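One structure below.
The values are calculated or read from the model by the stated rules, or taken from the named source; none is laboratory data. Owing to the predicted nature of the structure, the values given are computational and were not obtained by experimental measurement. Note that we place each Cβ from the backbone using ideal geometry, even for glycine, and neighbour counts take in every protein chain shown. Side chains included, ligands, DNA and RNA excluded: accessible areas come from the protein's heavy atoms. Shrake-Rupley method; radii C 1.70, N 1.55, O 1.52, S 1.80 Å.
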Amino acid sequence: MTQLEKLTLFYDGACPLCQAEILFLSGRNQGNLLDFVDINSDQFDPQKVGVSCEAALAAMYGQFASGQLIQGVSVFPEAYRRANLPRMAWLFSRRPLQPFLRLAYLFFAKNRHAISSLLGPAALRLVKSKSATK
């Protein structure tokens, strides 16, 4: 198996759905290949990362340990690989699905707070209850 480079995910901690996804991934981070930084916290340094807060709020960003940045839909297969979710990584990396995934992600990113207000609390409760039973 190829050694995976550590990946830091920059996420919107004010978004319940984003929180749920990060909590889910952190629970599967047994290989310690993922780090998580809330862009609303003091941990996020736009100068160091090379991404403004506005850009980070507009799209999901990830940064490999080497410093290489990735954004949008391309972050998800990399995160899922590191969280030992090979089927999800495979699905999100399928080339024929990329146009649909990009469009769906752009819609979600622009409307995440409205979507999250409807679905986020339930998703967050579900992920928290699953992690509490482990």
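Whole-Hz Karplus values for region 14-21 come out as 8, 9, x, 5, 5, 4, 4, 5 Hz, taken residue by residue from phi with 6.51 cos²θ - 1.76 cosθ + 1.60 and θ = phi - 60°; glycine and proline positions read x. Taken as Cα centroids, region 82-102 and region 1-52 sit 18 Å apart, rounded to the nearest whole angstrom.
Kindly identify region 22-76 as rounded, prolate or oblate by the Cα gyration tensor criterion: order the square roots of the eigenvalues as a ≥ b ≥ c, call it rounded if a/c is under 1.5, otherwise compare a/b with b/c, prolate if a/b is larger, else oblate. Since a/c reaches 1.5 and a/b is larger than b/c, the shape of region 22-76 is classed as prolate.
By the rule of a second cysteine Cβ within less than 4.7 angstrom, the chain holds isolated cysteines at 53. Heavy-atom surface analysis with a 1.4 Å probe gives region 60-119 a carbon and sulfur content of 65 percent of its accessible area.
For region 103-112, backbone phi angles converted through the Karplus equation (6.51, -1.76, 1.60; θ = phi - 60°) give residue-by-residue couplings of 5, 4, 5, 4, 4, 4, 4, 6, 10, 4 Hz, Gly and Pro being listed as x. For the chain, averaging the sequence separation of C-alpha pairs within contact (under 8 Å, six or more residues apart) and dividing by the residue count gives a relative contact order of 32 percent.
Based on protein heavy atoms only, the chain ends up with 62 Å² per residue of surface accessible to a 1.4 Å probe. Computed 3J(HN,Hα) for region 36-48, one whole-Hz value per residue from the Karplus formula 6.51 cos²θ - 1.76 cosθ + 1.60 where θ = phi - 60°, is 10, 10, 6, 5, 8, 9, 5, 5, 7, 10, x, 5, 5, glycine and proline marked x. Charge dipole (Cα centre; +1 on Lys/Arg Cβ, -1 on Asp/Glu Cβ; no other charges) of region 1-57 amounts to roughly 220 debye. Which entry is the computed Rg and Dmax of the Cα atoms in Å for this structure: (i) 14.4, 40; (ii) 28.9, 94; (iii) 16.1, 51? Of the listed options (i) 14.4, 40; (ii) 28.9, 94; (iii) 16.1, 51, (i) comes from this structure.
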